[in-house]
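The values are calculated or read from the model by the stated rules, or taken from the named source; none is laboratory data. Owing to the predicted nature of the structure, the values given are computational and were not obtained by experimental measurement. Heads up, the Cβs are rebuilt from the backbone with ideal geometry, glycines too, and the neighbour counts pull from every protein chain shown.
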Amino acid sequence: MKRILIATQNEGKMDEFNAAFNPLGYSCISLNDVGFKEEIIENGLTFFDNAYIKAKYISDKYNLVTLADDSGLIVEALPNELGVKSKRFSKEATHEANNLLLLEKMKNIVDRTAYFISQLVLYYPGGKFYTYQGRVYGEIGFDLRGNFGFGYDPLFIVDVIYKRMAELTKTEKNQVSHRGNALNKLIEDIKNEVIVI
């Protein structure tokens with residue numbers, strides 16, 4: 001079975017990557033699996049910059065094909081407040097604190113339009129790489145709902161289906177999420193042999 005090193009320690013993300021790659025005969029290993037303990041400085045200005053920084057650094061360190069993701073939430077009414085800083089939005093930088101701060105900042109705002117972006121970079125030892133982006137559109141709710149997912153999922157209402165991301169099962173989320181959309185493009189290229197891992 002071929003291995004892909006996923007540049008994350010987030011178990012929620014690993015579940016999503018495993019669900020996508022395992023049926024194709026790929027084994028996903030995380031930074032936890034290789035004992036990675038360092039902090040990678042994500043100082044890029046864009047999602048691509050940060051995904052590329054992570055993918056290159058980890059691939060160079062372990063000499064393995066590495067997939068990195070950088071994702072975040074864009075809220076139209078709060079330009080420049082989240083985006084690449086979504087994970088560190090609150091001073092505590094925890095899911096709960098981030099959600100509570102966002103609820104507070106959105107308290108009196110009518111336009112609650114938002115979208116998630118996920119940028120993937122698949123980096124090969126030696127420097128070759130491919131990149132994919134996925135988005136999902138929706139709005140910010142007035143309260144937290146749902147028991148699944150992570151991050152801003154309990155606040156984000158997905159367009160068309162009008163459910164919180166955190167109310168979706170893993171399978172349902174993978175079909176509509178920003179990461180799922182980006183992954184689907186990558187998986188399609190693997191199936192069509194546009195890229196080979």
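The table for this structure:
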quantity: Criterion violated by Ser86 - all others in (1) in contact with a helix residue (DSSP H, G or I) (Cβ under 6 Å, 6 or more places away or on another chain); (2) within 27 Å of Cys28 (Cβ to Cβ) satisfied; calculated: (1)
quantity: Check on Gly134, modelled with pLDDT of 95 or more, more than 28 Å from Tyr62 (Cα to Cα) and in contact with a helix residue (DSSP H, G or I) (Cβ under 9 Å, 6 or more places away or on another chain); calculated: no
quantity: Tabulated pairs, segment 35-51, first in contact (Cβ under 8 Å) with a residue 40 or more places away in the chain, second among the aromatic types (Phe, Trp, Tyr), C-beta under 8 angstrom, 6+ apart or interchain; calculated: Gly44/Tyr52
quantity: Whichever residue in segment 33-70 is at pLDDT 95 or above and polar (S, T, N, Q) and, among such residues, is nearest to Lys13 (Cα to Cα); calculated: Thr66
quantity: Within segment 159-183, considering residues that are among the polar types (S, T, N, Q) and exposed (fewer than 15 other Cβ atoms within 10 Å of the Cβ), the one modelled with the lowest pLDDT; calculated: Thr171
quantity: Residues satisfying the stated conditions in segment 184-194, i.e. modelled with pLDDT under 95 and either outside any helix (DSSP H, G or I) or surrounded by 19 or more Cβ atoms within 10 Å (Cβ to Cβ) (or both); calculated: Asn192, Glu193, Val194
quantity: Tabulated pairs, segment 8-30, first in a strand (DSSP E or B), second surrounded by 16 or more Cβ atoms within 10 Å (Cβ to Cβ) and of a type in the set (Phe, Trp, Tyr), C-beta under 7 angstrom, 6+ apart or interchain; calculated: Cys28/Phe17; Cys28/Phe21
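Okay, residues lined up against (1) touching a helix residue (DSSP H, G or I) at 6+ places or on another chain (Cβ under 6 Å); (2) among the hydrophobic types (A, V, I, L, M, F, W, C):
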| position | (1), (2) |
| --- | --- |
| Phe142 | no, yes |
| Gly149 | yes, no |
| Phe156 | yes, yes |
| Ile161 | no, yes |
| Ala166 | no, yes |
| His178 | no, no |
| Ala182 | no, yes |
| Leu186 | no, yes |
